[in-house]
Amino acid sequence: SAMATATKRIVVWFKGTGDLRLHDNPLLARAAELAQQHGPNVEVVPAFVFDPFFMGESRLGSPKIGPQRARFLVESVADLRRQLREGAQSDLLVGHGKPEHILGPLIASSPGDAVLLTSDEVASEERAAMRRVRAALKDCGKPCAVEALWMSTMYHPDDLPYPNIGRLHNLFTPFREKVEKEATPRNQAPTPNRGDLPLPASKASLQSPAASFDALPSLSDLGIPEPVDDPRAVMRFQGGETAALARLKHYLWDTDCLAKYFETRNGMIGPDYSSKFSPWLAHGCLSPTLVAEECAKYEHERVKNKSTYWLVFELLWRDFFRFFALKHDTAIFLPGGIAGEHPEWTKGHEAEEKVRRWKAGQTGLPLVDANMRELAATGFMSNRGRQNVASYLALDLNIDWRIGADHFESLLLDYDVASNWGNWIFAAGLTGKRVSQFNIVKQSKDYDPNGEYARLWCPELAKVPNQYIHTPWEMPPDVQERSGVRIGEDYPAPLAIPPGYAFGGGGRAGGRGGGGRGSSGGRSLGAPAGKRPQGAYGNGRGGGGGGRRPRGGRVQHYHGD
């Protein structure tokens, strides 16, 4: 029959959630495998769609993607197209619109049966986008098999040493010990060769006003302002696999920075205190499996030490949060986290003012303010900074942690749904286990001893003497005059002072007392099941913990920075 020889169309749907590369890409390896099985009557169409939903507003009213990450994404897509053309003799159809509206016709116009290949997702909004596409394909009149392939972690969920994902440990250390002992990461997927991904004979027929093999939407086409580059940024992150592989080579082989990673990883200034792989990992320009393999090769050829282990240890944190999101599903967006608590957050005008000052880097604590300003200006923040600003918002200011997670989602270059929301649950102490509240002043003294970082991002503190740089509110009036900083005018008085630090040394201050104060009322923040939080500053639920939250220790931490 005619159908027996009709060309089979394989569409590879790239989403930018962990798949924008040629190396170790199971989607391309599977497409090449299918193309080989079906002989000459097969065509492969790689496609990327800029989905307006993920360019729109979050349920809390923030842009879901800010200018820095949007530019990184566009650069990554441009590089993927270049790599497909040069490395695989293929191409990339780039669309802007609802994925179902662009992929539906692409499948419907297939000469024969079709296959859609895409990466598996762990979170609700990303999964909903996939469901909409599946529904559109059912109605398009063409038989189409959909294969969602797992990628973006070192370990495959099927290889985890648990009978099912529901048995995954909720804390990292027992997970790490079990996985290191009982599981093995899979090998990289083979990179396609030239000719492995045959394009359709007539590419032009696949183009439409919404999808093209030539054009690429600009940021203004996507409704996003151009980013402004701040000279104080740790580095200029260029999107794409090419830049990712160059960074990997730089950090390991060109500079040997990997060999001292353990000692430098808590830094906050400059490009090389940490790997900075995270933006490329988040978008899938870099495979964690490749990084782990390169680290092993480095250990074999150069040096094996705590640092070379520690980078892979951080990649395992990334894996852990992916599996954590898979296990807990929509609970990672609920007010009580996975602990199911009903925290009493501060609400109303007081909360709005605290959040405004936290986001603007005007809390009066230099370590918090410097980090929040760096995030706003550059889209990046060190691991050390993230732990501190998150602890401060949730535990010192008693603000709903989801407002912080939403802000990070908007601004971070390396935003990854599982890592971001999972880390915030740990920072807010909502895992049902130990709560670790950071002492911001102590952290500031430990990790920015001379105040170099604080002064970089809070230039108004340039002349503050070292003894007051971490606690500028303690400056006597004559020192304030000499430093050109009047507290409360040129630099704010602190919103909340870490436990043990008080104005003029009188008594304890700050902290979160028993029962979680917070007034009642305010709009409900309890989102419908499966939805990200909606509304702001109020959760309509009573309760609150008994007594003071445990202090000390450290929050299980932000990896991949």
Of the numbered conditions (1) more than 19 Å from the chain's Cα centre (by Cα); (2) under 30 Å from A189 (Cβ atoms); (3) not aliphatic (A, V, I, L, M), D230 satisfies every one except a single condition; which is it? (2)
Odd one out for G348 among (1) surrounded by fewer than 19 Cβ atoms within 10 Å (Cβ to Cβ); (2) at negative phi: (2)
Of the conditions (1) among the charged types (D, E, K, R); (2) surrounded by fewer than 16 Cβ atoms within 10 Å (Cβ to Cβ); (3) in contact with a helix residue (DSSP H, G or I) (Cβ under 7 Å, 6 or more places away or on another chain), E121 clears all except one; give me its number. (2)
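One line per residue, one yes/no per condition, for (1) in contact with a helix residue (DSSP H, G or I) (Cβ under 9 Å, 6 or more places away or on another chain); (2) of a type in the set (A, V, I, L, M, F, W, C):
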{"site": "Q207", "(1), (2)": "no, no"}
{"site": "A211", "(1), (2)": "yes, yes"}
{"site": "P217", "(1), (2)": "yes, no"}
{"site": "L222", "(1), (2)": "yes, yes"}
{"site": "V228", "(1), (2)": "yes, yes"}
{"site": "P231", "(1), (2)": "no, no"}
{"site": "L252", "(1), (2)": "yes, yes"}
Quick check on this structure: which one of N388, N383, N423, N398 is within 13 Å of the chain's Cα centre (by Cα) and crowded, with 23+ Cβ neighbours inside 10 Å? N423
Restricted to the range 448-476, and to residues that are hydrophobic (A, V, I, L, M, F, W, C) and open to solvent by 10 Å² or more (accessible area, probe 1.4 Å), which residue is farthest from the chain's Cα centre (by Cα)? W473
Return only the number of the condition from (1) crowded, with 22+ Cβ neighbours inside 10 Å; (2) small (G, A, S); (3) over 21 Å from L411 (Cα atoms) that G340 does not satisfy. (1)
Filter result for the condition that a residue is part of a loop (DSSP other than H, G, I, E, B), of a type outside the set (A, V, I, L, M, F, W, C) and crowded, with 22+ Cβ neighbours inside 10 Å, over D414, D406: D414
Check whether at least one residue in the range 45-59 is farther than 30 Å from F321 by Cα and either open to solvent by 20 Å² or more (accessible area, probe 1.4 Å) or in contact (Cβ under 8 Å) with a residue 24 or more places away in the chain (or both), and report yes or no. yes
Out of the residues in the range 347-385 that are hydroxyl-bearing (S, T, Y) and not in a helix (DSSP H, G or I), state the one that is farthest from F277 (Cα to Cα). T363
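Listed here are the residues, each with its yes/no results for (1) assigned to a helix (DSSP H, G or I); (2) without any contact (Cβ under 8 Å) to a residue 40 or more places away in the chain; (3) farther than 17 Å from S307 by Cβ.
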| position | (1), (2), (3) |
| --- | --- |
| S220 | no, yes, yes |
| A233 | no, no, yes |
| G239 | no, no, yes |
| E263 | yes, no, no |
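For (1) open to solvent by 10 Å² or more (accessible area, probe 1.4 Å); (2) in contact with an Asp or Glu (Cβ under 7 Å, 6 or more places away or on another chain); (3) over 30 Å from K445 (Cα atoms), each residue gets a yes or a no:
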residue: A246; (1), (2), (3): yes, no, yes
residue: T255; (1), (2), (3): yes, yes, no
residue: A259; (1), (2), (3): yes, no, no
residue: F262; (1), (2), (3): yes, no, no
residue: N266; (1), (2), (3): yes, no, no
residue: I269; (1), (2), (3): yes, yes, no
residue: D272; (1), (2), (3): yes, no, no
residue: P279; (1), (2), (3): no, yes, no
residue: G284; (1), (2), (3): no, yes, yes
Hey, S152 hits all of (1) modelled with pLDDT of 95 or more; (2) within 23 Å of the chain's Cα centre (by Cα); (3) buried (at least 17 other Cβ atoms within 10 Å of the Cβ) but one; which does it fall short on? (1)
Check off (1) under 29 Å from D478 (Cβ atoms); (2) outside any helix (DSSP H, G or I); (3) of a type in the set (S, T, Y) for T431 and give me the number that stays unchecked. (1)
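The values are calculated or read from the model by the stated rules, or taken from the named source; none is laboratory data. Keep in mind the model is a prediction, meaning the values are calculated, not measured. Cβ atoms come from the backbone with ideal geometry, glycine included; neighbour counts cover every protein chain shown. Just the protein is used for accessible areas: all its heavy atoms, side chains included, with ligands, DNA and RNA removed. Shrake-Rupley method; radii C 1.70, N 1.55, O 1.52, S 1.80 Å.
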